[in-house]
1. Please sort by residue number the trypsin sites (Lys or Arg not before Pro) in the range C:290-374 whose DSSP state is loop and whose Cβ has at most 16 other Cβ atoms within 10 Å.
2. For B:L164 and B:I144, what does the FRET efficiency come to when R0 = 25 Å and r is the distance between their Cβ atoms, rounded to the nearest 0.05?
3. Do any GluC sites (Glu not before Pro) in the range D:43-73 lie in a loop, going by DSSP, with at most 15 other beta-carbon atoms within 10 Å of their beta carbon, and if so which?
4. Suppose every K and R has +1 on its Cβ and every D and E has -1 on its Cβ; what is the size of the dipole of the range C:73-354 about the Cα centre, in Debye to the nearest 20?
5. Which residues does a label at C:D196 reach in the range C:111-129, if reach means a backbone N under 15 Å from a point 7 Å past the Cα toward the Cβ?
6. Could you give me the ³J(HN,Hα) list for the range A:280-296, computed from phi with Karplus coefficients 6.51, -1.76, 1.60 and θ = phi - 60°, whole Hz, x at Gly and Pro?
7. Report, by chain and number, residues whose modeled amide H sits under 5 Å from the one on C:E264, excluding near sequence neighbours (fewer than 5 apart, same chain).
8. Could you check the simple spin-label distance between C:Q293 and D:R84, using points 7 Å along Cα→Cβ, in nm with one decimal?
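Derivation of every value follows stated rules applied to the coordinates shown; laboratory data play no part. In this text, all values refer to a predicted model and were calculated from it rather than measured experimentally. When we count neighbours, we look across all protein chains shown, and the Cβ atoms used for this are built from the backbone with ideal geometry, even at glycine.
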Amino acid sequence: MVLSEFAGVSMPDWIDAILRIIFIVALMTIMAFALIYGERKILARFQARVGPTRTGPIGTLQSIADALKLITKEDVRPITADRWAFELAPYMAFVPVFLVFVPMPFTETWFIRDLNLGLLFVFAVLGLNIVGVVMAAWGSDNKYALLGGVRAAAQAISYEIPMLLIVVAVVMVAAGRLAVDGDASAAGSINSIVGDQTTTPYILLQPLGFFIFIIGMLAELHRPPFDMPIAESEVVGGYFVEYSGMRWGLFFLAEYTALFLLVVLASSLFLGGWNWPFGADVGLGLQIVLTLVKTTVMIVLVIGSRALFPRLRIDQLMSFSWKVLLPFAIIQVIANGIILSYGGADWVVGLVSFGLLVALGGLVYYIMRRKQGEGTRTVQTTPATPRVITAPEVTPVEAGGD
Amino acid sequence: MEDGVTATQVVFWILAVVMLVSAIGVITAGNIVYAALFFIAALAGVAGIYLILTVEFIALVQLLIYGSAVVILILFALMLTRARERPQALFGRSRPLGIAAALGLMAALIGGIVATTWTTPESSSAIQPVGLQTIGDAIFTIWIVPFIIVGVLLSIALDGAIMLASPDEDDN
Amino acid sequence: MVQQTFEGEVLTEPVVVEREFETVDMNINIGPQHPATHGVFRMVLTVDGEIVKDAIPYIGYMHRGGEKLSENLDYRGALGYQDRTDYLAAFNSEWVYVNAVERLAGIEIPERAEYVRLILAEFNRLLSHFMFMGAFGTDVGYFGTAFTWTFKERERIQDLFEAVCGDRIMYNYFRVGGLAWEPHETFIEDSHWVLDQVEVGISDVDELMTDNEVFVARCRDVGAMTADEAISYGVTGPMLRASGVPFDLRVEEPYSIYDRFHWEIPVGERGDVYDRYLVRLEEMRQSVTILRQALDQMPTSGPIEPERMPARLRPAPGEIYMRQENPRGEYGIYMVSDGTDKPWRVKMRSPCFHNLSSLKPQVINTYLADAVVALGSIDIVLCEVDR
Amino acid sequence: MTSRRTPAAPEEPPSNEPPPGSIADTYREVMPLVNFDAALTKGDDVALTIPSDSIHEVIERGREDERLQMNLLRNQTAVDWEERGLEIVYHLYSIPLRQAVTIKSWLPAEGAIVESVTDIYEMANWAERECREMFGIEFIGHPDPRNLLLDEDLDIHPLRKSHPLAPIEMEQGVDVEFFTKEYPPPEPAEEEAPAPEAAAAAPERKRVEDMTEEEREERRAEQAERVARARELAAVRRAERLAGAPPAGGPRPEGAAPPPPPAAAPAAAPAAEAAPSAAPAQDDRPPAPPPPELPTIPDAEEDPEGRAAAQAERVRLGRELAAARRAQLRGD
C-alpha cells in the first residue's frame, strides 16, 4: 500500500483519497454559501439597497436560510419530462465543477494533488459541465429550456476555444521561464506556474491573456453580459426553468463553485496566486490570505459586471468570440512561439502582448462606435413653439344644467 | 507485487464493463439522445483506460475533445433538428446489409488482435509517466508530417461544414 | 410530439417543416404570465432556432368595459375609470376627461387650478418615463439595477402626490371645473426639492445606460420603424417622435396653458429602440424645465373651482374629441352628450393600443431577444390597451 | 339598462356652420360629388357627415389629395343612437398641414356593413376589429375579422345600447335597484341635526381581541341575525319586483312570455342558492339549466384517489354546465 500523507498523518492510499474528496465537498459548500451571501450583499450595494439583513446579525445566515428553503421545497418533475436526463442532469453539471478543485493551489503546500497536467485537467473536466446543462435542457421538455440549452451549448463551445489557446500561451511563457532553472515539463501544473511568479506576475507578461481569460470565464459561467442562456426576460431562467428544490440547488451550487474556482485559477495564472508580492518564504498564513484577497477582488469585479452590464444578444456574443477573441488568441500564441523560440526576453513577450491588447481594445471600440452611427446622440431637440389656433368665434353655449 | 487482484485491475474491469454496456447502449437505445449520452459514457471509459496506463496527456485530451466538444455538437444538432422523432433505422430495409458489414469488421478486428504479439510490461509500476516535454518534442520533430496533414485535413472538413451549413441564396 | 396537459386540452404540436434536417419551427408562447410582457399580454412567436418568423399578439385580458360603464355613470362619476386605464399616468388621463366635460359644458377653469393640473400632469410624465427606464433596463438585461435606481426617484414623486391628493397611483384629484381641494401649503417648495432629486436621478440613469457599449449594441437598429409606417399604424408620442416626426400635441394643438412656457421637443432619426429611449430620456429633462417655469409662474392664491357650478351637470347635446399628450402618446376622449346627466358615448382613444398594433412588423425576422426588447421599447400599459 | 331614457332628439346640435374657408370647404372642393353636411363640434373641430357608401372614397382621397394630406387616422369608433341607427366616426389629422377633421356617417341599426379602410391605414386593422365586436358592424375587406378584446366565440355586442348592462349584474346577484334609483334632490341642511345624537348614543365599540368569550358569542349571534335579516329583505324585494313592479329597463318587448316564477327559494336560503334563481325580467334568454349536484370532496387523508376523482368530476360537471349554458345562449 503506497502510504500518502494528509495533514501530517500517513495512511493508506484510498482512505486518503476519500478524505480529500470529503474535504473538497465541505470546503466548496462553505465557499458557495459565503459567495451567495457575498453576491447578494455586493449586488445590493450596486443597486442602492442594503441586501439581506433579517437572517442572522447582518443577514449572514441568509444562504443557510436559502439552503433550508431549497431542501424543504418539493422537487417537482414535469410529467412529460424525460426521467433519466432530467434526474441525472444536476449531478452531471456539478460533479465536474468539484473535480476542478483538485489542482488548485491555495498556498505552496495546500492543494489536493499537484497534477502534472493541472491546467489541461481543469479544462477537460469543465467541458463535461456543458453536457449536464444540455441534458437538463433537453430533459425538461420545455421550449424555454430547450432554447436556453441550445444557447448554453453554443456559447460554451465558442468561448472555450479562445480560453484554451490563451492557457496554451501562458504555458509556453511558463515553460520558457522554468526551462532556465529546471525541467520545462513542470509548466503544466498550476502550482509550478504560481511558484514561478515570485517577481513578475504573468499579467505583465500576458495582459491580452488575462483579458481574454476573464471574458471567457464570464461566458463559461453564464454571467452577464454573457447570461443569454439564463436570460429571465426571454427564456425565463433557461435550462433550469423546470427544476425546483434541491435539484435547482445543485445547479446553483455548481454555478457558484465554478465562479470561485475559475477566479482562483485566474488569480493563480495571472496575478501570482500565493506567491507574487511576498514570495514563497513568508508563512503559509500570509499566503492563504494573499490568495483570498486576490480572489475576493476579482469576485467583486464579476458581481459588479452583473449589476452594470445588460445582456449581449446570442449572435453578437458568438461573433464576438469567433471574429474577435479567437483570432487574437491565435496571434498571441504565434507571437509567443516566435519570440520564445528565438530566445526573446520576457519583457519582449509582455510588450507584444500589451500591444495586442491595445489593438483588440481599439478594434472593439471602433466596432461599437461604427455601430452607433455618427455618434450615440442621434436625437436633436427642436424648440417647441405652440401653434396659436385662431378659434372660430362661436357663440359660447351657456353652461347646461337647470 | 503479489499477483492477486491489484487496485488497477479492479478499476480496469469496472471500466471495461461500463464501456461495454454503454457501447451496446449506443446501438440499441430507443431514443437517439440516449444513444448520445451512452456515447459520452463510452468515451469517458476510454479516457479511464488511458489513465490506467498513466498516459495522462492522451486521457485528458480524449476527455476534452470527445467528452465535451464532439458530443455537445451531436446533442446540439439533435436538439434543433427533427432527428429525434425520426423512426429508428435499426429495423430498416438495410438491416441484412448492416449485419454483414458488422460481421466483416469484427472478423478483421479479431484477426488483427490475434496476429499481433502483445508485449505486456512485467508490472504496472514499470510504466514511467511520460513528461509533457517529451510528448511535445516527439510531435514536433518525429511526427511533424502526419501532424500537419491532419491539420490540413481538419481545416478542409471545417470549410466543408461551413459551406453546408450556410443558407444558400435561394433559401431566404 | 403531442403534449397532453392536465385539463386534457392538447397543446399545439410544433409546426413541422418537411425538409430533412431543417431546424423545426417552434411555437414559443410569451404568455400572459411572462416577465417581458409588462402586464397581461400574450404573444405567440413562431421561432425557427432564434429567428422569429411570425408573431400573433393576443390582447383583451384586461378588458373591463370601461366605456360601457362610463355610459351608466354621470359625468362626474366616470372619473374613476380614467385613473384605472393608464395607471402609470393617471393625472394625464384624468385631465383629458375633465377637459372634455368642461369643454362640453362650457365651464371656465380658474388660473390656479390650471397650473396645479399642468404641474401634476408633467410630474406624472416623469413618473411614467422613470417606470419605462426601469422596466426597459430589466428587459435589456440590467439585473435590477435600472429598476432600483429609477424607483428611488419614483418614490419621491409619489410622496409628493401623496401629500397633494392622498394617493400614490389612483389619484382621483381633478374635478370638473377645477380640483378636489387645495394642494398643501408647501406644495411649491416640495416640488422644487423633488425636482432637484429627479434631475440627479435622470443623470444617473443617463450614465448607467446611454453610453454603455452593450446597451447600444442591443438597442441600436432594433425594431426600426420609418416615419410613414409609424403614422400609418396610428403610432403617436415618443415612438413617433423617435421616427423623426415632431408631432407633440402640446405644440400641434396646444391645450391649457402650454403656450406660456418654452421648451424643446426631442426628435429622433432612425426610429429604432435606441432613439425611442433617447427621446424619452430627453423628454424627461424637458418636463423638468417646464415644471421649473410652471412652479415659478404659479399664482400662490386664488380659487381652485368656479364660483357657480351646477349641482347636476347636464351639458347641451353635442360631441367633442378632446386629445392631449400622454407620456405614451395621444390620449383622446370622444364624448357625445345627449342632454341628460349621463354621457351617451365615451370612447377612450388609447395610445398604447395603436403603438402595440405596430409591434408585428418590428418583430418579424428578428432575434427572439430583439423581439422582447422591441416589445419593451413600446412601453405598453395593458390596462390602457384593453380599457 | 336598455334605453332607460329616450335621448332628447339630438338630431342636430345648434347648427353652427363652420366658418368659410375651413376644411369643410376644401373637402367639398376636392370631392364635389359627395354631399358633405358640415357641423362644428364643441372642440372647434369640423365634423362632416357623408353617406355611408362613399366612406372609403372620401378617406382615400383625403389621404392622397395634396390639399388635405390626412395621413394620421387617429381614432375610429361608432356611436349607437338606437332607433336612429349607428353612427360610424373617423377622426383624421394631417401632420404636414396641421389640420383635423371628423368624418361621420349614419348606418342602419341592424346589419350595418361598411367598406374597411385597412388598405389605407394599418391602424384601422385593430380599430375596426374592436368596432366590429363591440357594435356588430361588418367591415368588408378586413384581413382577419376575429374578435380582439372579447372571447373568440362571443357574438354579443356589448357597446350597443340594446345590450343590457344591469341584467348581467342582476344575474351576478348585485342589487341593481340600489344603483339606478333616481335620487330626489338633497333636502335643505337642517335635516343633519339629529344625526350627531345618534352617533353619541352608539355604544363605544370594544375591539374583538379584548372581548370576553360570551361577548364574542353574542356579537356573532347578532351578526348572524343581521345577515339573515338582510338576505330575507333582498329576497322579498326581488320577489316583489319580479311579481308586480315594472321591470327596470323599459317595457318588455311584446310577445315574450312572462319569465317563469322564481324557484321558491326560501328566505334564508342556504349557500347553495348561488345558482341564478330568477331569470332577469326583460331578458328573453332561457333560464339557466339547474346546476348538477356536485360530488363532495373527501378529505385528502382518507382516500387521496377519491379526492382527485371527485375534483376531476367537479371540473367535468362544471365544464359541461358552462358548455350547455353557452349552447343555450347561442340557441342551438
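1. On the way: sites: C:R292, C:R308, C:R312, C:R323, C:R328, C:R345, C:K347, C:R349; in loops: C:R308, C:R312, C:R328.
When the trypsin sites (Lys or Arg not before Pro) of the range C:290-374 are filtered for loop state and at most 16 Cβ neighbours within 10 Å, C:R308, C:R312 remain.
2. Rounded to the nearest 0.05, the efficiency is 0.20.
3. Those satisfying the criteria are D:E66.
4. About 980 debye.
5. none
6. Calculated HN-Hα couplings, in order: 7, 7, 6, x, 4, x, 5, 5, 5, 5, 4, 4, 5, 4, 4, 5, 5 Hz.
7. A:A384
8. Going from the C:Q293 label point to the D:R84 one covers 4.3 nm.
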